[in-house]
Amino acid sequence: MKFPLRGAAAFESGAEAPHSKDYNPRVDDERFIRRALELAERGRYSVSPNPMVGCVIVRDDEVIGEGWHQRAGEPHAEIKALLNCDNPRGATMYVTLEPCVHHGRTGPCSNAIVDAGVSRVVVAARDPHDIVNGRGIEQLRAAGIEVTIGVLEKEARRLNEKFLYAITAQLPFVCVKAAITLDGKLATVTRDSRWITGEAARQKSLEMREEYDAILVGGGTVCEDDPQLTRRLGWNTAVTPWTRVVLDRDGRVPPIAHVLTDSFRVHPPPLVAEDGGLRRPCSRRRRQRRAGDLRRPAGAAVDRCVPLSV
């Protein structure tokens, strides 16, 4: 992306753009970051494995450009906002996460910001990823751009809690969902109830599946409920595939279970965790089980087997 001027050194006579009479830097910073957070939220069901990011460009207390990251591999929020802005020179950029400095699926946002001649950048939260982690802020400051950090940081971090946890802890972010009666039960004593929740709760459960990358259940759940473990709302458009995981240490899952016998055309075969590893059912195994051969020969090959660490 080419812009006619570069960095703070390109401003005419170094003069800052005039502000309206009622301009309040602290209050307005929060106002425009809130707008950026609203934009970022639009990527909730499409950006994985990337974080949700929104960006607003402002001059004279008026928004002149907006953007949000829509999908991994597509332009980041800062680039989208710059493309939607006729002239960002001397303006202030508000962004919910520190601009990147690396070449990945797309180019560095920090370079584009400098090239655009933006005079000030307000960042809600730093990006703790090893390939960013303060480097974006350093590059902007080195180019003479004023950088303010931490405006509505708590809100920005909460928005991307899954991404931030996965990056810092090097572990997946796990949400435990359980339906429990007022007396602490999961089902009736006869186990003849299909649901103990209402329609609103079941809808919420389906919505949660749309914003996570995988669903995990135990073998007992598959034996008792025979769930499909599928996404059904069609909201998610992320590049990260939906993964179904079954923990089946004792090999209790019946071969006719939905997750082992569905077509896999819409959803891939599940990962099944057993003693010794993690596998995906292969086509031969499915054919054997459908034919009634329920035995697993000793030493039989399994598909994608790796040790379990938990």
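The values are calculated or read from the model by the stated rules, or taken from the named source; none is laboratory data. Model, not experiment: these values are computed from the prediction. So basically every Cβ, Gly included, is an ideal-geometry build from the backbone, and we count neighbours across all protein chains shown. Keep in mind that these areas ignore ligands, DNA and RNA; they rest on the heavy atoms of the full protein, side chains included. Shrake-Rupley method; radii C 1.70, N 1.55, O 1.52, S 1.80 Å.
Filtering region 113-136 to residues that are open to solvent by less than 10 Å² (accessible area, probe 1.4 Å), outside any loop (DSSP other than H, G, I, E, B), over 24 Å from Arg158 (Cα atoms) and touching a residue at least 60 places away in the same chain (Cβ under 8 Å) leaves only Ala116. Being more than 30 Å from Gly90 (Cα to Cα) and either touching a His at 6+ places or on another chain (Cβ under 9 Å) or not basic (Lys, Arg) (or both) holds for only one residue in Gly144, Gly219, and it is Gly219.
Candidates in region 228-287 are the residues that are of a type in the set (A, V, I, L, M), modelled with pLDDT under 80 and under 22 Å from Val174 (Cβ atoms); of these, the one that is surrounded by the most Cβ atoms within 10 Å (Cβ to Cβ) is Val272. Only residues that are surrounded by 11 or more Cβ atoms within 10 Å (Cβ to Cβ) and in a loop (DSSP other than H, G, I, E, B) were counted in region 145-170, giving 5.
Which residues, taken from region 45-79, are in contact with a Cys (Cβ under 7 Å, 6 or more places away or on another chain) and open to solvent by less than 10 Å² (accessible area, probe 1.4 Å)? Matches in region 45-79: Ile57, Gly65, Gly67, Ala77, Glu78. Take the conditions (1) over 21 Å from Pro99 (Cα atoms); (2) within 18 Å of the chain's Cα centre (by Cα); Leu159 misses just one of them, which is (1).
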